[in-house]
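Read-outs throughout are calculated quantities, based only on the coordinates presented, and are distinct from any laboratory measurement. None of the values given here were measured: they were computed from a predicted structure. Heads up, the Cβs are rebuilt from the backbone with ideal geometry, glycines too, and the neighbour counts pull from every protein chain shown.
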Amino acid sequence: MSGTLTPGAAEPGAATPGAAHLLARSAARRPDHPALVTAAGRVTYRELWDLARRYAAVLREHGVGPGDRVALLLTNTPHFPAAYFGALALGATVVPVNALLKADEAAHVLGDCGARAVVCAAPLLAVGTTAARRAGVPTVLTVQGDGSGDVPDLDALAARTTPIGTYLERAPDDLALVLYTSGTTGRPKGAMITHANLVMNVTTTVVSPFALRGDDVLLGCLPLFHTFGQICGMATCFHAGATVVLMRRFEAAEALRLMTAERCTVFMGVPTMYLDLLEAARRDPGRPPLDRAYSGGAALPVAVLEEFRDTFGCEVYEGYGLTETSPVIAYNQPGRPCRPGTVGTPVRGVRVAIARADLEGRIEPLPPGETGEIVVRGHNVMAGYLGRPEATAEVMVDGWFRTGDLGVLDDEGVLTVVDRKKDMVVRGGYNVYPREVEDALGRHPAVAAVAVVGLPDERHGEEVCAVVRPRPGTVADDALAEEIIAWSRARVAAYKYPRRVEFTDTFPLGPSGKVLKRELVARYAGHPRPAPGPGAG
């Protein structure tokens, strides 16, 4: 792993409690406090840890031991944390699988990681059993079923099994997780997250930026198979002994109702959730006692941040992280001035620099104020990509992890993420960073959300296109397109403003809530329909 150990961290190879301790500690400390609130009722820390240890005992009876890979094809139910921490307690490595994958995609993940067992939700069994068969996985267990199928029911087995006594200690560099990237370029790769990566990220961020206390209540609306919901939400809350109000899937009106009814103090979400909650709040006067909100996964437009802060009366902290960095890199943090439009400062034990983006094979730092590639080192950086030494060597250079994101650091060490390198639009030789244009367009009163992409253009190489989701009740016509073009032309440089505007009801989203811009490019590149407005100049 790149970088150096944080002061106070265990030496490599030394036995430590490992990541299962994050739940076990709170179960011992406050056993009767609710860990989860679900539609079916409350689950205390004692009950959740007991179930995790029973799941561990069943997995052990099916041949799972230290170092084996246990894949979880599960949705947001108590089965996820029980199986997650049960596998960790055995010393196994957890492989969360995106619940939206098709059988061929899931089979790639299971085969690539060499899964020993799959725990699969009954509604996903068709995908899970097909994928397991194709990948040669010997054990499939199901939950949420009625026990009548051919696949062994984990809950039924756990009910008549004696739980394991406690968790197995692990070395800091043992693998806790294999987290698969979203695969925006080729097949997804498995980021190897060690126990040191996971425990340090949780124990660091639980203090700052998340400032979680035992009396906090978090709305758990992010998918647990994704690192934001899984580590920043579930794991940090469990470590703090706080409560997670678990939603099977995000729906804004229900989320607002739940937050109000359960008196949620903390919200974590991606920008699309913030937009939808603001729309729900226009129809529902209910307001939860939110103390703070955290945004990640994609850039949050400053106008949306400000409206959410005004509507819900709490500060909104935007941050930055990646699957490969366990995940948190930097955040705006309580106790420091919040800087909307930035992702704040690196968390404790993590270093960030800006390097020349056009250099391969070496890192050349740039001075404050210059735009380049964000590079990271510290306790959060993965051990590498599973079975991909060449891919690992491409991103681990001179002890730094190359993020593939463009950013800038100011004189005070505050980081601004400009864009993904691959999302940058080059128009007539000029670099256009979509986020800057999106921030300008996001303040237009008719724009609910916007994604800026580059489309092929014979004259300029690429042309700037704004794909807009209008606010409800707005007439999306040529007149509005012309107005949006004029609006942006008055606010950004001449080479940056969009000459083309397209309207959409919904954006294609990845599992973390990021807009899939490559799909927008594919959708509109073959259908030239420049919006009326000023010439291409």
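I'd like the antiparallel share, as a percent to the nearest 5, of DSSP beta bridges with both residues in the chain. Provide the component values of the computation, followed by the final result.
On the way: 48 of 84 bridges.
Given both bridge residues lie in the chain, the antiparallel proportion sits at roughly 55 percent.
Divide by every residue of the chain the summed helix terms, -39500 (n - 2.57) for each DSSP H run of at least 4, and state the resulting mean residue ellipticity at 222 nm, rounded to the nearest 500 deg cm²/dmol.
Values: 15 runs with 151 residues, N = 537.
Calculated at 222 nm, the ellipticity per residue is -8500 deg cm²/dmol.
Could you please report the charge total around TRP400, scoring K, R as +1 and D, E as -1 over all other residues with beta-carbon less than 9 angstrom from its beta-carbon? Don't skip to the answer; put the middle values down first.
On the way: positive: ARG351, ARG377, ARG402; negative: ASP398.
Overall, the nearby charge balance is +2.
Residue farthest toward the positive end of the dipole of region 1-155, with Cβ of Lys/Arg at +1 and Asp/Glu at -1: which of THR75, PRO34, ALA131?
Of the options given, the answer is PRO34.
Given Cβ point charges of +1 (Lys, Arg) and -1 (Asp, Glu) and nothing else, what value in debye, to the nearest 20, does the dipole of the chain about its Cα centre take?
Details: 55 positive and 59 negative charges, 119 e Å.
The calculation lands at about 580 debye.
Quick one: Cα centre-to-centre distance for region 265-318 and region 107-147, in angstrom?
Cα centroid of region 265-318 versus Cα centroid of region 107-147: 36 Å apart.
Using the alpha-carbon centroid of each, what span in Å lies between region 454-528 and region 345-406?
31
For a footprinting-style exposure proxy, rank TRP49, TRP487, TRP400 by other Cβ within 10 Å, fewest first.
Details: TRP49 28, TRP487 18, TRP400 23.
Least crowded to most crowded, the residues run TRP487, TRP400, TRP49.
Which residue, chosen from ALA440, TYR524, ILE484, occupies the Cα position most advanced towards the positive end of the dipole of region 424-525, where the dipole is computed from +1 (Lys, Arg) and -1 (Asp, Glu) charges on Cβ about the Cα centre?
Of the options given, the answer is ALA440.
What does the net charge come to around PRO163 if you take all other residues with beta carbon closer than 15 Å to its beta carbon, with K and R at +1 and D and E at -1?
Details: positive: ARG46, ARG53, ARG54, ARG60, ARG160; negative: GLU47, ASP50, GLU61, ASP155.
Net of charged neighbours comes to +1.
If you average 1/r over every pair of different alpha-carbon atoms in the chain and take one over that average, what Kirkwood value in Å do you get? Intermediate values should be presented prior to the final figure.
On the way: mean 1/r = 0.0416 Å⁻¹.
So the Kirkwood estimate lands at 24.1 Å.
Among all the lysines, which ones have a C-alpha under 28 Å from LYS421's C-alpha, if same-chain residues fewer than 8 places away are not counted?
Within the straight-line limit of under 28 Å, LYS421 reaches these lysines: LYS189, LYS496, LYS514, LYS517.
So, by mean Cβ neighbours within 10 angstrom, what's the order for 376-382, 491-497 with the highest one leading?
Working: 376-382: 26.3, 491-497: 16.4.
Ranking, from highest mean packing down: 376-382, 491-497.
By its C-alpha gyration tensor, with a ≥ b ≥ c as the square roots of the eigenvalues, how is region 165-252 shaped: rounded for a/c under 1.5, else prolate for a/b larger than b/c, else oblate?
On the way: a/c = 1.94, a/b = 1.12, b/c = 1.73.
Taking the square roots of the gyration eigenvalues as a ≥ b ≥ c, region 165-252 is oblate.
Please report the relative contact order for the chain, taking Cα pairs under 8 Å with a sequence separation of at least 6, and give it as a percent rounded to a whole number.
On the way: 1191 pairs, mean separation 61.7, N = 537.
The normalised contact order for the chain reaches 11 percent.
What order, most packed first, do the peptides 353-359, 474-480, 435-441 have when packing is the mean number of other Cβ atoms within 10 Å of each residue?
435-441, 353-359, 474-480
Which value, in debye to the nearest 20, describes the size of the charge dipole of region 424-525 about its Cα centre when Lys and Arg Cβ atoms bear +1, Asp and Glu Cβ atoms bear -1, and nothing else is charged? If you can, show how the numbers build up before the last one.
Details: 15 positive and 14 negative charges, 66 e Å.
For region 424-525, the charge dipole is close to 320 debye.
Only four residue types carry charge here, +1 at the Cβ of Lys and Arg and -1 at the Cβ of Asp and Glu. Report the dipole size of region 1-148 about the Cα centre in Debye, rounded to the nearest 20. Walk me through the numbers before you get to the answer.
On the way: 13 positive and 10 negative charges, 46 e Å.
I would put it at about 220 debye.
Quick one: grab the alpha carbon gyration tensor of region 424-525, order the square roots of its eigenvalues as a ≥ b ≥ c, and give me rounded if a/c is under 1.5, else prolate or oblate depending on whether a/b is larger than b/c.
Working: a/c = 1.60, a/b = 1.15, b/c = 1.40.
Note, shape of region 424-525 comes out oblate.
Could you rank the peptides 189-199, 297-307 by their average count of other C-beta atoms within 10 Å per residue, with the highest value first? All intermediate terms of the calculation are to be shown ahead of the outcome.
Details: 189-199: 25.8, 297-307: 21.1.
Put in order of decreasing packing, that is 189-199, 297-307.
Using the 10 angstrom Cβ neighbour count as an exposure proxy, how do CYS120, CYS237 rank, fewest first? Working shown, then result.
Working: CYS120 31, CYS237 28.
Arranged by neighbour count, lowest to highest, CYS120, CYS237 become CYS237, CYS120.
Could you tell me whether region 144-211 comes out rounded, prolate or oblate from its Cα gyration tensor? Rule is a ≥ b ≥ c as square roots of the eigenvalues, rounded for a/c under 1.5, then prolate if a/b exceeds b/c, otherwise oblate. Before the final figure, lay out each step's value.
Working: a/c = 2.21, a/b = 1.40, b/c = 1.58.
Since a/c reaches 1.5 but b/c is at least a/b, the shape of region 144-211 is classed as oblate.
What is the calculated FRET efficiency for THR166 to GLU412, with r their C-beta to C-beta distance and R₀ = 60 Å, to the nearest 0.05?
Numbers: r = 45 Å, r/R0 = 0.75.
The pair THR166/GLU412 has a calculated efficiency of 0.85.
For VAL417, VAL521, what ranking results if the residue with the fewest other Cβ atoms within 10 Å of its Cβ goes first?
The fewest-first ordering by Cβ neighbours comes to VAL521, VAL417.
Looking at LEU59, ALA121, VAL475, which one has the Cα that reaches farthest to the positive end of the dipole of the chain (charges on Cβ: Lys, Arg +1; Asp, Glu -1)?
About the Cα centre, the residue reaching furthest to the positive side is LEU59.
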